[in-house]
1. Being over 16 Å from Ala99 (Cβ atoms) and either acidic (Asp, Glu) or touching a helix residue (DSSP H, G or I) at 6+ places or on another chain (Cβ under 8 Å) (or both) is the filter here; which residues of the range 27-68 pass it?
2. For the range 40-53, state whether one or more residues are closer than 25 Å to Leu132 by Cα, at pLDDT below 90 and basic (Lys, Arg).
3. Out of the residues in the range 6-39 that are farther than 19 Å from Leu65 by Cα and at pLDDT below 65, which is least open to solvent (accessible area, probe 1.4 Å)?
4. Given the criterion surrounded by fewer than 14 Cβ atoms within 10 Å (Cβ to Cβ) and either in contact (Cβ under 8 Å) with a residue 40 or more places away in the chain or of a type in the set (Asp, Glu) (or both), identify the matching residue among Asp73, Asp106.
Amino acid sequence: MRTLAAASLNARSTGEFGGRSNAGWSMAGSAAVTYQYGKDKVVSAGTTTTTNSVNAALVYADLLLRDRGERYDFTARVDAGYTHNLVTAGGGSQDRTTAAYAELTDRNFGVTARVGRQSLASQGIVGLFDGLYVGYQRIRRGR
């Protein structure tokens, strides 16, 4: 009986990112640390050569901060990574930032502005760009 009673209850929300809510600020993020190691072994004319091809530590992080208000929605996101190459010969260490932007949406006017490093893959633009994006939605949903 308890199982049937629990099944009739409304589902609990798993977060504010899926639906329209005026719950205020929310934050989500992730981080990862990994290590890669690899050796190459080449045998040519009876001579064997072994080299370290990969020896690197990798650190990645993604942080999303969001505020959903009655009129304005604010989103800030940083997605970045760093690869520290431990091989003495060859390439060096490298960092990458695939997203670092702030976005503000005014629901009353249907205007969205985003500034920073971003991807506009949804608009058919391949790759990243640093700058300002402004969009206007003439027909707004939910009104």
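1. Matches in the range 27-68: Asp40, Asp67.
2. no
3. Ala6
4. After applying the criteria, what remains is Asp106.
The values are calculated or read from the model by the stated rules, or taken from the named source; none is laboratory data. The model shown is predicted, which means the values in this text are computed figures rather than measured ones. Here Cβ is always computed from backbone atoms with ideal geometry, including for glycine, and neighbour counts include all displayed protein chains. Ligands, DNA and RNA are excluded from the accessible area calculation, which covers all protein heavy atoms including side chains. Shrake-Rupley method; radii C 1.70, N 1.55, O 1.52, S 1.80 Å.
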